[in-house]
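Reviewing the structure listed below.
The values are calculated or read from the model by the stated rules, or taken from the named source; none is laboratory data. Source: prediction; values computed, not measured. A quick note on method: Cβ atoms are made from the backbone with ideal geometry, for glycine too, and the neighbour counts reach across all protein chains shown. Accessible surface is based on the protein model in full, side chains and every heavy atom, while ligands, DNA and RNA are left aside. Shrake-Rupley method; radii C 1.70, N 1.55, O 1.52, S 1.80 Å.
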Amino acid sequence: MLDIDIKILDPRLTDQLPTYATPGSAGLDLRACLDAPLTLQANAWQLVPTGMAIYLKDPGYAALILPRSGLGHKHGIVLGNLVGLIDSDYQGQLMVSAWNRSSTAFTIEPMERIAQLVVVPVMQARFKVVNEFPASERGEGGYGSTGKA
Ligand SMILES: O=c1ccn([C@H]2C[C@H](O)[C@@H](COP(=O)(O)OP(=O)(O)OP(=O)(O)O)O2)c(=O)[nH]1
Ligand SMILES: [Mg+2]
């Protein structure tokens, strides 16, 4: 378990901090800190505040904002940026780009759980320029080069 600093920017979150719903959950649900219901028309998107900021601090971690499966599949509420990437040095409010990719309007209620946050390990890479790579089984073979079945 990793300790992460969190700032509560919306007092309504004080007793509704993100928690893992079950011991095996990978994601923490993020809430829509809205003052009033927000209706997203078909194919509309809007930035929704989550009322909280986290500071991962260690460049060996990042966080991903992902859609909630139920909202995405049943109502078409996914993310305008498909996946949100939270840098380890970001200290601002976590924002969710809520996109209604369906053909029907959908209303997000204040404090509704609209997306989820997953903390992941990250490896920063240093690039070393070379003229040749050592041979590998795939080589430069691209899409489909391993055959169909
Ligand atoms: O769904 C998201 C995606 C990003 N962020 C915040 C955290 C992230 O660290 C910062 C910048 O995101 P990103 O690097 O993906 O956006 P950019 O367009 O490259 O902006 P920048 O020039 O600030 O890096 O915005 C969010 O709050 N929600
Ligand atoms: Mg960036």
Give me the percent of accessible area attributable to carbon and sulfur for region 1-128, probe 1.4 angstrom. 55 percent
If you count, for each residue, the other Cβ atoms within 10 Å and average over each peptide, how do 11-21, 42-52, 120-130 line up from highest to lowest? 42-52, 11-21, 120-130
Using unit Cβ charges (K, R positive; D, E negative) and no other charged atoms, how large, in debye to the nearest 20, is the dipole of the chain about its Cα centre? 380 debye
For region 78-149, the dipole about the Cα centre with charges only on Cβ (Lys and Arg +1, Asp and Glu -1), to the nearest 20 debye, works out at 180 debye
Can you give the FRET efficiency for Tyr90 and Thr22, using 1/(1 + (r/R0)^6), R0 = 22 Å, r = Cβ-Cβ distance, to the nearest 0.05? 0.20
For Arg113, what charge total do you get from the other residues with a beta carbon under 11 Å from its beta carbon, if Lys and Arg give +1 and Asp and Glu give -1? -1
Loop GluC sites (Glu not before Pro), region 59-142, which have at most 13 other Cβ atoms in a 10 Å radius of their Cβ (DSSP): Glu132, Glu137, Glu140
So between Glu140 and Tyr61, what do we pick up on full extension, going 0.36 nm a residue minus the alpha carbon distance? 25.4 nm
Given a 1.4 Å probe, the accessible area of region 69-136 per residue, as a whole number of Å², is 70 Å²
Within the set Ser103, Ser136, Ser25, GNM on the chain using Cα springs under 10 Å gives the largest fluctuation to Ser136
Could you check the simple spin-label distance between Ala125 and Asp35, using points 7 Å along Cα→Cβ, in nm with one decimal? 4.5 nm
Count charges around Thr146 for me, please; just the other residues with Cβ under 12 Å from its Cβ, Lys/Arg as +1, Asp/Glu as -1. +1
